[in-house]
Amino acid sequence: MKENNIILHLDNVWKIYKMGEVDVPALRGVTVEIKKGDFVAIIGASGSGKSTMMNLIGCLDIPSKGNILLKNQDITKISESDLATLRGRTIGFIFQQYNLIPSMTIYANVLLPMEFLEYDDKTASEKTRKILETVGLGKYMHHLPTQLSGGEQQRVSIARSLVTDPEIILADEPTGNLDSVTGKSIMDMFYNLWKKEGKTVIMVTHDLKLAEYAHTTIELKDGQIKTINKK
Amino acid sequence: MKLIKCLKHAFGMVLHSKVRSWLTILGIVIGVASVVAIMSIGGSMQDTMTEQLGGLGGDILTLTAGFSRGMSMFGMGDGEGPEGGGSTATDEEPVLDRTDVQALRAIPDIEAFDTQISGSVEVSYLGKSGSVRLTGVDQKVWSRVTTSEIGEGRMLDSADQNVIVIGGKLAESYFDKPIGLNQMVTIEENVFRVVGILDDTSTNIYMPIQMAYQMLDDKENGIYDSIVIKVKDEEKLNETIGKIETKLMMIRHVTEKTKDFSISSSKQMQETRSEMMSSMNSFLIAIAAVSLIVGAVGVANSMFTSVLEKTKEIGIMKSIGARNKDILSIFLFNAALIGLVGGFLGVIFGTILSAMLPALMGETSMLRGGTFVSVNSIIIALSVSVIIGIIAGFVPAYQASKLKPVDALRYE
Ligand SMILES: Nc1ncnc2c1ncn2[C@@H]1O[C@H](COP(=O)(O)OP(=O)(O)O)[C@@H](O)[C@H]1O
Ligand SMILES: [Mg+2]
């Protein structure tokens, strides 16, 4: 087992979207290795393929060509239901638009991933309460997402992503909808997750200032990797 | 995700559903309600009928002479005497006479038989008169063979002469004044004493056959209009019919083709009628089922819309670990619940409807017993509506489950 500390490996990954007759190549032969415990920022201009790369890393999509190894498993070769479970256990997603389910309470939203992974009710309930206390939202447990501010909703979505204790946190423009003060508090949370809890954090941003939190910076341009910088 | 959790989320979806879902449910409600109402009404009509016909006796056969061209639906034969069919084959009208009686005596499967004649007679009572039907019966066996029950007084007896037994309606309301037991009634200028009143609603008069020959001018002694036969073993009814037919055909020198008599059994009649009834019933249920199908289309339609509306949520669920089958289960449960709720409300409305219908339809004798929604029909209605929900919801649920997470997430 060589390179055991590589948690994610993209090998000549292509993603070509079909727009009717036209092929839109969003990623063109991306090869990169991400080490366990790294804090990676993916930067690049709008349309450079950051989100596409993020979706592939998060197993939300499959590449048109090339291989993706997540914890040494080729995600193009495992079944849909195994992939869903792997995704649920290994990856916590944070989206720009928070993506909470509007009809469910904060509590139910955070509980949901554990229901899919079939945690027992008691553990799930305890974990939900604990994580909501940790992000400072214990008192909003029975509120609906729309009753909370943007920053609070993003904290709920972080709580939801952390509650199953995943190894990788994937965040696509997590502060994109937030003011700079709230954004900074969210960035501090990521930094702590990486520094104190040893999570692998992969974050997409077009904000170079935010990218400075990261240890490794991957710059994309027109669907290809332009530079990789390590601190 | 465990199925119970899928059910919980499906339930949440129904609770949070919009007016549209409730309209969908209304479609199922109407369908189920009409099926339940029709089933219960049909069922009670059938009950009433069985009750009415049950009194006819399954072990009774009626033998009449005449060329039968297929048994008439309600066919006891009109008793007005043998029909003069088949005039080309023979000049003589086929009749039943002593030879036939001899032949019947020789058949051991017959317990008893009653030779009868009947016709219309003038009856008068306390100055009023009218024309009613008179049946002359073999008074020695009549009480054993008939399915009529005595209400007051007694049946005819072997020693009887100038006495009659009359139908309930004739006694009660045919004339201005009711006819009581032991009253004298004039039939064709002869006076008879009423010894029995039947527990029925007929205006018939029964008297010993020998007297009846005198009352009915056109009847010839020794010639019978019909012979009512009670068989020994109801189980062997068809076999007995076969034996009687063979024997009579031999005596009367006829073949299957030229057969000049017919045997009808009340049991057959009963079966024919209830077959008619149940096909009528199925027809009505089929119509109601169409409205259920329309309801199902509504469920499918609403499910498609719902899947579309929830595309983003499906994407979110998939991003946090939902498998295709979890999504499928949630949406299928949702559809099944819509069906169940619709079915449940439908049963309630159907029950109310079927309770109200007899009143709306007037005092129809068919619904005398009142309507009754059976536990069976409730169970059937509920399971059918759940199944309809699942079938209607399957394609949209399947589509939802197959959505690619990225595509679903991008959906706004
Ligand atoms: N589903 C899609 N269908 C077609 N083209 C797409 C799709 N998603 C992204 N693209 C195209 O692929 C390119 C990369 O998009 P994206 O990964 O979203 O970039 P970024 O996140 O860096 O802004 C863009 O040109 C975009 O228009
Ligand atoms: Mg993007």
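The values are calculated or read from the model by the stated rules, or taken from the named source; none is laboratory data. Keep in mind the model is a prediction, meaning the values are calculated, not measured. Every residue, glycine among them, receives a Cβ derived from its backbone with ideal geometry; neighbour counts consider all protein chains shown. Accessible surface areas use protein heavy atoms only, side chains included; no ligands, DNA or RNA. Shrake-Rupley method; radii C 1.70, N 1.55, O 1.52, S 1.80 Å.
Worth pointing out:
- Filtered residue count, the stretch B:255-301, keeping only those that are touching a Leu at 6+ places or on another chain (Cβ under 8 Å) and either in a helix (DSSP H, G or I) or modelled with pLDDT of 85 or more (or both): 11
- Residue count for the stretch B:211-243 under the criterion of being surrounded by fewer than 18 Cβ atoms within 10 Å (Cβ to Cβ), in contact with a Phe, Trp or Tyr (Cβ under 6 Å, 6 or more places away or on another chain) and either under 25 Å from B:E256 (Cβ atoms) or in contact (Cβ under 8 Å) with a residue 40 or more places away in the chain (or both): the result is 0.
- Within the stretch A:48-64, if we keep just the residues that are open to solvent by less than 10 Å² (accessible area, probe 1.4 Å) and within 14 Å of A:D11 (Cβ to Cβ), the residue that is nearest to the other protein chains (Cβ to nearest Cβ) turns out to be A:L56.
- Within the stretch A:34-67, considering residues that are farther than 20 Å from B:A408 by Cβ and among the β-branched types (V, I, T), the one nearest to ligand 2 (Cβ to nearest atom): A:I42
- Pick from the stretch A:68-91, criterion within 8 Å of chain B (Cβ to nearest Cβ) and surrounded by 21 or more Cβ atoms within 10 Å (Cβ to Cβ), ranking: nearest to ligand 2 (Cβ to nearest atom): A:R87
- Looking only at residues in the stretch A:171-199 that are assigned to a helix (DSSP H, G or I) and among the polar types (S, T, N, Q), the one that is farthest from ligand 2 (Cβ to nearest atom) is A:N192.
- For the stretch A:200-222, the set of residues classified as buried (at least 22 other Cβ atoms within 10 Å of the Cβ) and assigned to a loop (DSSP other than H, G, I, E, B) consists of A:T205, A:A214, listed by residue number.
- Residue match in the stretch A:118-133 (condition: closer than 30 Å to A:P25 by Cα and away from ligand 2 (no atom under 16 Å from the Cβ)): no
- The stretch B:94-105: number of residues that are farther than 15 Å from B:A65 by Cα and either among the basic types (K, R) or not assigned by TED's automatic domain parsing to the domain that holds B:I244 (or both): 1
- Selection count, the stretch B:135-150, where residues are open to solvent by 50 Å² or more (accessible area, probe 1.4 Å) and within 31 Å of the chain's Cα centre (by Cα): 5
- Under the condition of being more than 9 Å from ligand 1 (Cβ to nearest atom) and within 17 Å of A:A214 (Cβ to Cβ), the residues counted in the stretch A:48-65 number 1.
Quick grid of which residues meet (1) more than 8 Å from chain A (Cβ to nearest Cβ); (2) open to solvent by 40 Å² or more (accessible area, probe 1.4 Å); (3) more than 47 Å from the chain's Cα centre (by Cα):
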residue: B:L284; (1), (2), (3): yes, yes, no
residue: B:A288; (1), (2), (3): yes, no, no
residue: B:I293; (1), (2), (3): yes, yes, no
residue: B:A296; (1), (2), (3): yes, no, no
residue: B:A300; (1), (2), (3): yes, no, no
residue: B:M303; (1), (2), (3): yes, no, no
residue: B:L308; (1), (2), (3): yes, yes, yes
residue: B:I314; (1), (2), (3): yes, no, yes
residue: B:N324; (1), (2), (3): no, no, yes
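- Scanning the stretch A:1-47 for residues that are within 14 Å of A:I218 (Cβ to Cβ), surrounded by fewer than 16 Cβ atoms within 10 Å (Cβ to Cβ) and away from ligand 1 (no atom under 16 Å from the Cβ) returns A:T31, A:E33, A:K35.
- Members of the stretch A:93-106 that are touching a strand residue (DSSP E or B) at 6+ places or on another chain (Cβ under 7 Å) and more than 8 Å from chain B (Cβ to nearest Cβ): A:I94, A:Q96
- Selection within the stretch A:168-191: residues that are within 14 Å of chain B (Cβ to nearest Cβ) and away from ligand 1 (no atom under 16 Å from the Cβ). The member of this set that is farthest from B:I316 (Cα to Cα) is A:I168.
Conditions tested, residue by residue: (1) surrounded by fewer than 19 Cβ atoms within 10 Å (Cβ to Cβ); (2) in a helix (DSSP H, G or I); (3) within 14 Å of chain A (Cβ to nearest Cβ); (4) modelled with pLDDT of 80 or more.
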{"position": "B:I327", "(1), (2), (3), (4)": "no, yes, yes, yes"}
{"position": "B:I330", "(1), (2), (3), (4)": "no, yes, yes, yes"}
{"position": "B:L337", "(1), (2), (3), (4)": "no, yes, no, yes"}
{"position": "B:G342", "(1), (2), (3), (4)": "no, yes, no, yes"}
{"position": "B:I348", "(1), (2), (3), (4)": "yes, yes, no, yes"}
{"position": "B:I352", "(1), (2), (3), (4)": "yes, yes, no, yes"}
{"position": "B:A355", "(1), (2), (3), (4)": "yes, yes, no, yes"}
{"position": "B:N376", "(1), (2), (3), (4)": "yes, yes, no, yes"}
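- Wholly within the stretch B:97-208, strands (runs of 3 or more DSSP E) carrying at least 3 residues that are touching a Gly at 6+ places or on another chain (Cβ under 6 Å) and not small (G, A, S): B:190-198
- Test for B:T48: is it in contact with a strand residue (DSSP E or B) (Cβ under 6 Å, 6 or more places away or on another chain), open to solvent by less than 40 Å² (accessible area, probe 1.4 Å) and modelled with pLDDT of 65 or more: no
- Top-ranked residue of the stretch B:30-45 - restricted to ones that are open to solvent by 10 Å² or more (accessible area, probe 1.4 Å) and of a type in the set (V, I, T), ranked as nearest to B:G295 (Cα to Cα): B:I30
- Qualifying residue in the stretch A:127-141 (condition: among the hydrophobic types (A, V, I, L, M, F, W, C) and open to solvent by 40 Å² or more (accessible area, probe 1.4 Å)): no
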